[in-house]
1. Nearest 10 degrees is fine. How inclined is helix 186-196 to the longest principal axis of the chain, computing both from alpha carbons?
2. Which percent, nearest 5, of DSSP beta bridges in the chain are antiparallel?
3. Check which residues have an amide H placed less than 5 Å from ASN47's amide H, if you skip close sequence neighbours.
4. Taking a spot 7 Å from the Cα of LYS103 along the direction of its beta carbon, which residues of region 35-71 have an amide N less than 14 Å from it?
5. How about region 180-248: which trypsin sites (Lys or Arg not before Pro) there lie in a loop by DSSP and see at most 16 other Cβ atoms within 10 Å?
6. Rounded, prolate or oblate, given the Cα gyration tensor of region 225-295, with a/c below 1.5 counting as rounded?
7. Have a look at the chain and give its Rg and Dmax from the Cα atoms, expressed in angstrom.
8. Amide H to amide H, which residues 5 or more places from ILE405 or on other chains are under 5 Å from it, using H placed in the peptide plane?
Amino acid sequence: MLKISKFGGTSLSEGKQIKKVAQIIKMDNARKYVVVSAPGKRWNEDNKITDLLYLCHAHLKYNVPSGEIFNMIEERYKSIIEELNLDLNIQRYLDEIKSSFNKNISIDYLASRGEYLNALILAEYLGYDFIDSKDIIFFNMNGTLDEEKTERLIKEKLNKTDRAVIPGFYGSTPLGEVKTFTRGGSDITGALISRYLKADIYENWTDVSGFMMADPRIVKNPKKIRNITYQELRELSYMGAKVLHDEAIYPVRKANIPINIRNTNNPDDIGTIITNEKKNGENIAITGIAGRKEFTVIGLQKFYMNNEVGFVKKLLSILEMYDITFEHIPSGIDTVSIVIDDEFLNGKLEKIIDKIEKSCEPDRIDVFKNIALIAVVGQRMAYTPGVSSRIFGALGKEGINIRMIDQGSSEINIIIGIEDKDFEKAINSIYYEFNK
Ligand code: ASP
């Protein structure tokens, strides 16, 4: 049995947390390779080390003194060493980083040091080998992952050691320089190691016990999701229920390795398991509900639209012209609407409407602002009649006006557009309809 265990920033934010992590690792012999993030926040207003490293880089770049910021970083690591009573000369490594300080220091190199130092510390504390990610994760010249080389080196280096700690978040370019993934990328490191070593399970330890059926800031004490499929997760996390980095899913999904989201602060909780197939035994038709506010819907009506070849193409080319992606495009016989995230729209709405009027010549064009989208997701929905009537019934009872409905062809989600002001009420009413 082989488990790859990745620990996030809050799990390794201070000595106290690292002790918990060590206990978790020692509890199970199968936890042979451990991937770590940089120290995260100890409390709400605290700083993540990675954020401080980026800040430090900005100071160096613009010739502003960076000493104070780097001091905060040094202090954090030193207090960890002290708390763990470790015989590790961390100063040597900190000095090494400082010795490369100059205006042109690589941002990726500096940002990666948070993980690098944390892995050195945990390896020392556990008595495990330290394997540097720059020797096992490789990128191509164009920035994509060099899968062949990464697979080869992960196998070669890790098979030589029985137990190791590996820093997440980075690898190296063909020129041997450090390159990071996007933020939160330690999840990807763990996923790649799991895939290439054919792990039985990829454990992702964080500060929550997996996914909940709804956002606990909106629904009081929502139920936990014990089992979720990759596809369901993709739908929910797209809508805001984020625990894992999106790109971490692909490698393990491809290799059919389950991901187990676990809570370092509550290791007895079995967390959420993400698999390809739905497990039997869970009878509820929906798996989760997620949503986001602040969308705009542009609705067009044109008599005989359905006979006009290329109408939608014209419409979409206008969005392309303004570099705008859209979320949904529900359509009727003579109507079509496009749903756009306000973030992409900023300041471009009037120009787009003007272009649409000229180029598509609709009979009517309506703009609905302040729209929220809610995704009700569940693999079982496809085989369970009556789910949508229950959703719409629940919203109707609350007097919530539905602006848009869309169901993907896979039938694993129903997307509902409502007004922003009804968002919290709508999520609660759907949640309680299925959890009476
Ligand atoms: N430390 C990095 C970040 O905060 C990567 C990670 O934690 O996964 O983005």
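Values quoted throughout were computed directly from the atomic coordinates according to the rules given, and no laboratory measurement underlies them. On a predicted model such as this, the values are computed, not experimentally measured, just so you know. Heads up, the Cβs are rebuilt from the backbone with ideal geometry, glycines too, and the neighbour counts pull from every protein chain shown.
1. 80 degrees
2. In the chain, approximately 60 percent of DSSP beta bridges are antiparallel ones.
3. Excluding prolines and chain starts, which carry no amide H, the hits are ARG42.
4. Counting backbone N atoms under 14 Å from the label point, the list is 59-65.
5. On the way: sites: ARG183, ARG195, LYS198, ARG217, LYS220, LYS223, LYS224, ARG226, ARG234, LYS242; in loops: ARG183, LYS198, ARG217, LYS220, LYS223, ARG226, LYS242.
Those that pass, being in a loop and sparsely packed, are ARG183, LYS198, ARG217, LYS220, LYS223, ARG226, LYS242.
6. Working: a/c = 1.26, a/b = 1.23, b/c = 1.02.
Taking the square roots of the gyration eigenvalues as a ≥ b ≥ c, region 225-295 is rounded.
7. 24.7, 78
8. Under 5 Å from the amide H of ILE405 lie the amide H atoms of GLY417, each far enough along the sequence or on another chain.
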